[in-house]
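K.L.:
Handing you a structure now.
The values are calculated or read from the model by the stated rules, or taken from the named source; none is laboratory data. For clarity, every value in this text was computed on a predicted model and none was experimentally measured. Cβ: placed from backbone, ideal geometry, glycine included. Neighbour counts: every protein chain shown.
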Amino acid sequence: MEFTKSNDIELHVITVDHGLRPETKHEIALVTDLCARWELPHHVEFWTGWSGEGNLQAAARDARYGLMADWAYGNQITHVALGHTADDQAETFLMRLARGAGVDGLSAMSPRRLQHGITWVRPFLRVERSALRTYLRAARLDWCEDPSNENRDFERIRVRDALTVLGSLGVQTETLADVAQNMSRAREALDWQTFLAAQDAASLIYGTVAIDLRKFRMLPEEIARRLMVHAITWIAQSPYPPRRDAVAQVLRAVRAMRGATLEGCQITVENDVIWVFRELNMLQDVTCEVGDMWDDRWLVTGPEDDPDIEVRALGLEPLAEIADWRALGLPRAALAVTPSVWYDDRMIAAPVVRHDPEWVAELDGGQDAFFAALLSH
């Protein structure tokens, strides 16, 4: 409170009710009373999207972030503080270690990151829960304990129990948090080397990632893997990287000069170049109006904004009717997934493949977006 006042920061509080526990009403009431005492605005969001399938905790987490981001954006709030502690850091490290995670998976949670247009900060990452409880007792402030913390059906709670055992062997929460931080520094170094490799071996041509095959083969295995993962996730606009074994299959195919598909992307090798682009089958039903973002990557603008005019993938047959498309130097399948403008069954424009002064197709973030995303952790 004193920090926000002295730094002229307007503080708001948000609670997300997932509708999963009856105790939530009591917890929200406690927060509401505390905010009223401190004269802080308190907002409650309700989640009703649980289908009963999949991982409940993961679904609740994703929904929580989405609801908080929408609320913050709608209220012109740029920063949201989260309550993750050093214990959360250590538990996450052990959970990912059990799954055989690599450097990225074992890296520490970032104290600051940008997602959904919001800057998320974690001010307590170096503070243990026991220290927070000691502070609250000293300040005579009440708090609620989540009853799910006693539910051994959840992996995180079982890991929490394991930490108690590990502590008797000298493996403390602080130690694991430090190791996770060391892994973060290793990840930063690998990201930087991947960025340099991309600058040297890769280029962005009409929305397609092109990687020099000879230079790719000379890269250290981990850097080559990271470059391929980045190309696929960037083209697919996926928030999560593909599974490691699936990427390994793609890399084996590339080294054998064969094509592959993964995460809605097609990877081919032609003329000593690795081409990574969208898979046409994934775009058959992807359409939007002119002026909207198509396939989450392309913005098409032109002289008409008739709602009956739509943007869609060019396709193989319309491409064949465009003279000199081969002069662009890209595989036919890569040009077939560039945006085009249609009125019913009549193609109005194909601004990537056929120059048209009235119609323009631009990549979100421009030509440098592919490289900048490598350093966006």
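K.L.:
Does Leu141 meet the test of being part of a loop (DSSP other than H, G, I, E, B), assigned by TED's automatic domain parsing to the domain that holds Ala58, more than 32 Å from the chain's Cα centre (by Cα) and at negative phi? Don't jump to the end; show me each part of the working.
P.N.:
Working: part of a loop (DSSP other than H, G, I, E, B): yes; assigned by TED's automatic domain parsing to the domain that holds Ala58: yes; more than 32 Å from the chain's Cα centre (by Cα): yes; at negative phi: yes.
Yes.
K.L.:
Moving on to the next point. Pull up the range 15-24, narrow it to residues that are out of contact with any Leu (no Cβ under 8 Å at 6 or more places or on another chain) and outside any loop (DSSP other than H, G, I, E, B), then point me to the one that is farthest from Met68 (Cα to Cα). Can you show your working first?
P.N.:
Here is the first cut: in the range 15-24, the residues out of contact with any Leu (no Cβ under 8 Å at 6 or more places or on another chain) are 15, 17-19, 21-24.
If we keep only those that are outside any loop (DSSP other than H, G, I, E, B) as well, we get 15, 17, 24.
Numbers: Thr15: 8, Asp17: 11, Thr24: 17 Å.
Out of the qualifying residues, it is Thr24.
K.L.:
Now for a different question. Please go through the range 256-302 and pick out each residue that is in contact with a helix residue (DSSP H, G or I) (Cβ under 7 Å, 6 or more places away or on another chain) and part of a loop (DSSP other than H, G, I, E, B).
P.N.:
Gly259, Glu263, Gly264, Asp272, Asp295
K.L.:
Tell me which residues, restricted to the range 167-180, are more than 27 Å from Asn55 (Cα to Cα) and either among the aliphatic types (A, V, I, L, M) or surrounded by 15 or more Cβ atoms within 10 Å (Cβ to Cβ) (or both).
P.N.:
Taking the range 167-180 and keeping what is more than 27 Å from Asn55 (Cα to Cα), we get 167-172, 174-175, 178-179.
Leu169, Val171, Gln172, Asp178, Val179 - these are the residues of the range 167-180 that are more than 27 Å from Asn55 (Cα to Cα) and either among the aliphatic types (A, V, I, L, M) or surrounded by 15 or more Cβ atoms within 10 Å (Cβ to Cβ) (or both).
K.L.:
How many residues does the range 63-109 hold that are assigned by TED's automatic domain parsing to the domain that holds Gly19, surrounded by fewer than 16 Cβ atoms within 10 Å (Cβ to Cβ) and either hydroxyl-bearing (Ser, Thr, Tyr) or in a helix (DSSP H, G or I) (or both)?
P.N.:
Looking only at that region, the number is 5.
K.L.:
Would you mind finding the one in Gly315, Gly329, Gly291 that is out of contact with any Phe, Trp or Tyr (no Cβ under 8 Å at 6 or more places or on another chain) and over 13 Å from Ser340 (Cα atoms)?
P.N.:
Gly329
K.L.:
Let me ask another. What number of residues in the range 49-77 are within 17 Å of Ile14 (Cβ to Cβ) and in contact with a His (Cβ under 9 Å, 6 or more places away or on another chain)?
P.N.:
Number satisfying all stated conditions: 13.
K.L.:
I'd like to know if the range 338-345 contains one or more residues that are under 16 Å from Leu204 (Cα atoms) and assigned to a loop (DSSP other than H, G, I, E, B).
P.N.:
The answer is yes; a qualifying residue exists.
K.L.:
Can you find even one residue in the range 236-246 that is hydrophobic (A, V, I, L, M, F, W, C) and part of a helix (DSSP H, G or I)? Even if it seems obvious, please write down each step before you answer.
P.N.:
Kept after step one, since they are hydrophobic (A, V, I, L, M, F, W, C), are these residues of the range 236-246: 236, 246.
Next, from what is left, pick out any that are part of a helix (DSSP H, G or I): 236, 246.
Within the range 236-246 (the criterion being hydrophobic (A, V, I, L, M, F, W, C) and part of a helix (DSSP H, G or I)), the answer is yes, since at least one residue qualifies.
K.L.:
Would you check if there is a residue in the range 303-313 being more than 26 Å from Ala202 (Cβ to Cβ), crowded, with 19+ Cβ neighbours inside 10 Å, β-branched (Val, Ile, Thr) and under 29 Å from the mean Cα position of the chain (by Cα)?
P.N.:
Yes, some residue in the range 303-313 is more than 26 Å from Ala202 (Cβ to Cβ), crowded, with 19+ Cβ neighbours inside 10 Å, β-branched (Val, Ile, Thr) and under 29 Å from the mean Cα position of the chain (by Cα).
K.L.:
I've got another one for you. Among the residues of the range 90-123, how many are touching a His at 6+ places or on another chain (Cβ under 9 Å), under 13 Å from Thr78 (Cβ atoms) and of a type in the set (A, V, I, L, M, F, W, C)?
P.N.:
Final tally of qualifying residues: 3.
K.L.:
Follow-up question, since we're still on this one. Within the range 182-226, track down each residue that is among the acidic types (Asp, Glu) and surrounded by 15 or more Cβ atoms within 10 Å (Cβ to Cβ).
P.N.:
Filtering the range 182-226 for residues among the acidic types (Asp, Glu) gives 188, 191, 200, 212, 221-222.
Listed by number, the residues that qualify are Asp191, Asp212.
K.L.:
Quick one: how many residues across the range 40-62 are part of a loop (DSSP other than H, G, I, E, B), surrounded by 12 or more Cβ atoms within 10 Å (Cβ to Cβ) and within 22 Å of the chain's Cα centre (by Cα)?
P.N.:
The total comes to 3.
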